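Heads up: the structure comes next, in structure tokens.
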């Protein structure tokens with residue numbers, strides 16, 4: 001349990017940073033970082049400048065010069081666990097900007113909301129976590145071990161230039177725990193997330209004039225039959241095992257359902273000719289209990305049933321299994337202490353709702369390496385879209401939650417493995 005005085009102090013200090021949080025959020029929104037193309041140079045410079053102004057050494061690391069990530073490390077000077085605070089800098093594209101009711105590239109502060117592209121996913125969390133790092137720096141005597149802040153590029157498209165690059169080149173980032181600002185929405189705590197499987201379907205057909213086509217023999221027809229077959233796999237059920245089955249209470253039906261989305265599809269070269277080649281790219285989101293290998297086998301069987309002559313080939317582009325952090329892990333317990341510490345005295349303190357995130361995040365990369373990882377942020381709903389926003393109070397609250405979780409996790413000077 002966190003000392004109520006400590007919780008009150010951190011909450012007060014986070015509140016004192018409200019104007020700074022709003023200012024930094026505005027600077028982040030004004031620095032475009034849409035992915036693709038994924039250029040994070042402007043937004044990385046904003047984060048580096050903020051941290052340096054607050055006396056924290058920060059640097060950039062880039063595999064691609066246009067996609068830098070930002071790193072900063074605090075060391076207590078005492079042995080203890082290593083905690084990574086992780087956010088991403090790139091954003092989804094805005095889509096049709098005329099559909100927005102407020103400016104896309106300029107933050108609007110209105111009716112308790114901070115509105116602008118990326119505020120929900122996830123520049124609000126970037127601002128909150130950067131300020132949490134400042135608070136932790138000022139409380140360096142109250143914790144042991146190390147904290148590394150990573151604001152990465154190339155997350156939105158699961159690219160190789162951000163977290164994947166850092167983990168490949170900086171083995172010290174395989175830490176004792178990771179707290180990610182990628183929230184599952186609705187003030188829930190994500191202890192895990194679905195896996196991802198990207199597949200390509202390549203179809204072939206016999207060349208000829210369109211007047212000579214035979215039923216089901218063009219690449220287009222074969223590809224269409226395969227796509228219809230795999231679309232029917234959506235809704236296949238995974239499962240949670242053991243205590244997790246009793247723990248995850250947020251949208252269990254959705255969290256345990258396989259989804260299959262045909263993201264792209266093309267075939268043929270001219271309307272008057274039989275298509276000799278076609279390709280579809282498919283995104284599957286894998287619930288716990290359905291591995292990437294199992295999902296690929298389901299797709300391959302569905303395709304073989306629909307197109308038994310073998311003219312549609314399935315190949316894997318990338319994929320990984322769903323992964324989950326135990327509710328009994330030291331990191332989850334630290335989060336619980338932080339949540340309860342901030343909720344103390346509230347008339348209607350909200351209970352902790354555990355969720356499985358539907359989209360993936362970089363937290364899954366750390367979990368795959370055996371690192372406990374949690375996701376929470378000011379994203380208000382399941383995913384960002386038109387009129388993206390974060391609630392201002394929630395950005396302030398996240399600042400306190402991140403700092404208090406770190407204090408609870410690092411406060412006793414023992415490693416997570418010793419605690420576990």
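For the listed peptides 261-271, 10-20, 63-73, a ranking on the average number of other beta carbons within 10 Å per residue, highest first, reads 63-73, 10-20, 261-271.
Alpha carbon centre of the stretch 112-171 versus the stretch 325-389: separation in Å? Distance between centres, Cα-based: 14 Å.
Which whole number of Å³ per residue matches the convex hull of the alpha-carbon atoms in the stretch 108-193?
So the per-residue Cα hull volume is 140 Å³.
Helices in the chain, meaning DSSP H runs of at least 4 residues, each add -39500 (n - 2.57). Divided by all residues, the mean residue ellipticity at 222 nm is -10000 deg cm²/dmol. Over all pairs of different C-alpha atoms, the stretch 255-313 has a mean inverse distance whose reciprocal, the Kirkwood radius, equals 13.4 Å. Taking Cα atoms only, the orientation of helix 18-29 departs from the longest principal axis of the chain by about 30 degrees.
Using a/c under 1.5 as the rounded threshold, could you call the stretch 318-392 rounded, prolate or oblate? The axes a ≥ b ≥ c are square roots of the C-alpha gyration tensor eigenvalues, and prolate needs a/b larger than b/c, oblate otherwise.
Oblate, since a/c reaches 1.5 and b/c is not below a/b.
Ordering of 353-360, 174-181 by packing is 174-181, 353-360, highest average first (other Cβ atoms within 10 Å, averaged per residue). Between the Cα long axis of helix 4-16 and the first principal axis of the chain there is an angle of about 70°, rounded to the nearest 10.
Mean sequence separation of contacting Cα pairs (under 8 Å, at least six apart), scaled by the length of the stretch 53-190, corresponds to a relative contact order of 39 percent. Relative contact order, whole percent, for the stretch 195-320 stands at 45, derived from Cα pairs under 8 Å and 6 or more residues apart.
Maximal additional length on extending the residue 169-residue 261 stretch stands at 29.8 nm, based on 0.36 nm per residue less the C-alpha distance.
Here the ratio of the Cα radius of gyration of the stretch 1-83 to 2.2 N^0.38 Å is 1.37.
Considering only alpha-carbon pairs that sit under 8 angstrom and 6 or more positions apart, the relative contact order computed for the stretch 1-80 is 19 percent. For the stretch 309-330, backbone nitrogen atoms closer than 14 Å to the point 7 Å from residue 279 Cα along Cα-to-C-beta are found at 313-318. In whole angstrom, the stretch 195-320 maps to an equivalent ellipsoid with semi-axes of 35, 11, 11, each derived as √(5λ) from the alpha carbon gyration tensor and ordered largest first. Under conditions of 37 °C and 0.692 mPa s, the stretch 287-346 yields 213 µm² s⁻¹ as its translational diffusion coefficient, taking Rh as the Kirkwood radius over Cα pairs in the Stokes-Einstein equation. Relative to the first principal axis of the alpha-carbon coordinates of the chain, what is the inclination of helix 330-343, with its axis defined by its Cα atoms, in degrees from 0 to 90 and to the nearest 10? Compared with the principal axis, the helix lies near 60 degrees. Over the C-alpha trace of the stretch 275-420, radius of gyration and Dmax come out as 21.0, 69 angstrom. Between the stretch 1-59 and the stretch 77-109, what's the alpha-carbon centroid distance in Å? After rounding, the separation between the Cα centres reads 10 Å.
Considering every alpha-carbon pair of the chain, the percent of pairs per 20 Å bin, from zero through the bin containing the longest distance, is 26, 52, 19, 3, 0.
Coordinate-derived values only; no laboratory data. Computed from a predicted structure; not experimentally measured. For neighbour counting, all protein chains shown are included, and Cβ atoms are generated from backbone atoms with ideal geometry for every residue, glycine included.
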